[in-house]
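Peer 1: After the C-alpha cells below, expect a handful of questions from me.
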Amino acid sequence: MPKNKGKGGKNRKRGKNEADDEKRELVFKEDGQEYAQVLRMLGNGRCEATCIDGTKRLCHIRGKMHKKVWIAAGDIILVGLRDYQDDKADVILKYMPDEARLLKAYGELPDSTRLNEGILDDEEDGGADDYIEFEDEDIDKI
C-alpha cells in the first residue's frame, strides 16, 4: 500500500475558505480599475462582463480567486484594465451582494445597474410562459 505523505485529501482542501462570512472593508476602484457586471461565464477561468463605462470585456479570473471565489452571471466584480488590450481585463475582486448594494448607495454604480437578479434577457413581459394551461376533456372520449 502507498504511504500517505500529504496532510490530507480532497476534503481537507475544500474546507479552507471558512472565513468568508466575516465582514471585510469595502474596496473602491482606483485608476486602472473599473466596476463590471458579469454577463456569462465562459469556462477556463474566463467570463464576459459589461463594464460600467459601457464596454463589453473578456475577463480573466486570477489564480488567487480560481476555484476559491465562485463567480456567477449577474455578480458585480472589480476588474483591472489592461494598457495594451482594451477588450480584455483581469478580475481582481468579487463583491458580495451587500457590498454591491453599498456601492450603489454610495453612487459608485449607476442606478440602471440591476443587482441580485441575475441577467434576464427577454423575461420582462410578466412571465407569460410560466405555466401551461390544459383544456378539460372527458377521459372517456380518448
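Peer 1: Carbon and sulfur together cover what percent of the accessible area of region 33-102 at a 1.4 Å probe radius?
Peer 2: The computed percentage sits at 51.
Peer 1: How long is the gain from Lys104 to Thr50 if the chain were fully straight, where each residue apart is worth 0.36 nm and the alpha carbon distance is subtracted?
Peer 2: Contour length minus the Cα-Cα distance gives 17.8 nm.
Peer 1: Please state, rounded to one decimal and in Å, the Kirkwood hydrodynamic radius that region 14-104 gives when every pair of distinct Cα atoms enters the mean of 1/r.
Peer 2: Values: mean 1/r = 0.0739 Å⁻¹.
One over the average 1/r among Cα pairs gives 13.5 Å for region 14-104.
Peer 1: In straight Cα distance, which lysines are under 27 Å from Lys7, not counting same-chain residues fewer than 8 positions off?
Peer 2: Partners within reach: Lys16, Lys64, Lys67, Lys68.
Peer 1: Roughly how many Å² is the accessible area per residue of region 60-109, as a whole number, for a 1.4 Å probe?
Peer 2: Solvent-accessible surface per residue comes out at 60 Å².
Peer 1: Then there is this: Starting from the Cα-Cα distance between Ile132 and Leu115, subtract it from 0.36 nm times their residue separation and give me the gain in nm to one decimal.
Peer 2: Length difference between fully extended and current span is 3.1 nm.
Peer 1: Taking the Cβ of Arg62 as the center, what net charge do the other residues with Cβ under 12 Å away carry, scoring Lys and Arg +1 and Asp and Glu -1?
Peer 2: Charge balance near Arg62 sits at +4.
Peer 1: Can I ask one more? Check which residues have an amide H placed less than 5 Å from Leu93's amide H, if you skip close sequence neighbours.
Peer 2: Hits under the 5 Å cutoff: Leu78.
The values are calculated or read from the model by the stated rules, or taken from the named source; none is laboratory data. Note that the coordinates shown come from a computational prediction; the quantities given were computed from them, not determined experimentally. In this analysis, Cβ positions are derived from the backbone assuming ideal geometry, glycine residues included, and neighbour counts consider all displayed protein chains. For the accessible areas, the whole protein counts, side chains as well, though only heavy atoms, and no ligand, DNA or RNA atoms are used. Shrake-Rupley method; radii C 1.70, N 1.55, O 1.52, S 1.80 Å.
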